[in-house]
Amino acid sequence: MGNSKSGALSKELLEDLKSNTKYSEAELCTWYQCFLKECPGGKISRKQFEGIYASFFPNADPSAYARHVFRSFDTNADGTLDFKEYIVALHLTSGGKTLQKLEWAFALYDVDGNGTISKNEIQEIVKSIFNMIPEEDQRGLPEDEDTPEKRSEKIWDFFGKKDNEKIAEGEFIQGAMDNKDILRLIQYDEPQKIKDKLKEKRQ
């Protein structure tokens, strides 16, 4: 990543992140200093990333979801996230544009990276999302989506697929954009406390 170990962001990377995320130059520089403090080598490992998620969800088990999120952002598959991958991850999971978020959501659900989503992959991600929802919150969910199996079935039925069929990226994105219910079902909305924690870290 160029000068990932130096104390300052390269101008090129700064411009790239400013145009592709919602963060200002000042915010990015602050994030970078925090990132280097926690990851002096300029990279964050999957274990460190899972640790960050664990601190956000003390009453749940976010490890499986964090692992999938990490995979979806480790664009060069080297087992670490550099600063750019980390910032893009923060941006998309805490606010990016709908189309960007859906492109990321597709990558999240495409567990084996083959360009399509199977029913098993839907079930795997939905189950990891449920692991992060406290039990008392799960009890308040509508009856037809109060288990990972029911929620997965609801998503799959919407796309009108047989069990052995696959969902392509285009239809996944279009389906979610056309139906707010599906958009809600496929994503995990970061609780307010995560956004507050992210703000804290920036200050």
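The values are calculated or read from the model by the stated rules, or taken from the named source; none is laboratory data. For clarity, every value in this text was computed on a predicted model and none was experimentally measured. In this analysis, Cβ positions are derived from the backbone assuming ideal geometry, glycine residues included, and neighbour counts consider all displayed protein chains. Areas reflect the complete protein model, heavy atoms only, side chains present, ligands, DNA and RNA absent. Shrake-Rupley method; radii C 1.70, N 1.55, O 1.52, S 1.80 Å.
Classify the stretch 77-190 as rounded, prolate or oblate, taking a ≥ b ≥ c as the square roots of the eigenvalues of its Cα gyration tensor: rounded when a/c is under 1.5, otherwise prolate if a/b is larger than b/c and oblate if not.
oblate
Quick one: angle between helix 11-20 and the longest Cα principal axis of the chain, in degrees between 0 and 90, rounded to 10, please.
So the inclination is approximately 30 degrees.
How high is the FRET efficiency from GLU149 to CYS34, r the C-beta distance, R0 45 Å, rounded to 0.05?
Efficiency, rounded to the nearest 0.05: 0.70.
Taking the solvent-accessible surface of protein heavy atoms with a 1.4 Å probe, what is the per residue accessible area of the chain in Å²?
Averaged over the residues of the chain, the accessible area is 52 Å².
With runs of 4+ DSSP H residues as the only contributors, calculate the mean residue ellipticity of the chain at 222 nm using -39,500 (n - 2.57) per run, divided by the residue total and rounded to the nearest 500.
It comes out at -18500 deg cm²/dmol, rounded to the nearest 500.
Using alpha carbon centroids, what distance separates the stretch 101-121 and the stretch 1-75, in Å?
Answer, in whole Å: 22.
Full extension from ARG46 to LYS97: what is 0.36 nm times the residue separation minus their Cα-Cα distance, to one decimal in nm?
15.8 nm
Kindly provide the Kirkwood hydrodynamic radius of the chain in Å, to one decimal, from all pairs of distinct alpha carbon atoms.
18.0 Å
What full-extension length gain, to one decimal in nm, is calculated for GLU136 and ASP112 as 0.36 nm per residue of separation minus the Cα-Cα distance?
Contour length minus the Cα-Cα distance gives 5.4 nm.
I need the shape label for the stretch 80-142. Rule: rounded when a/c is under 1.5, else prolate if a/b > b/c, else oblate, with a, b, c from the alpha carbon gyration tensor.
Verdict is oblate for the stretch 80-142.
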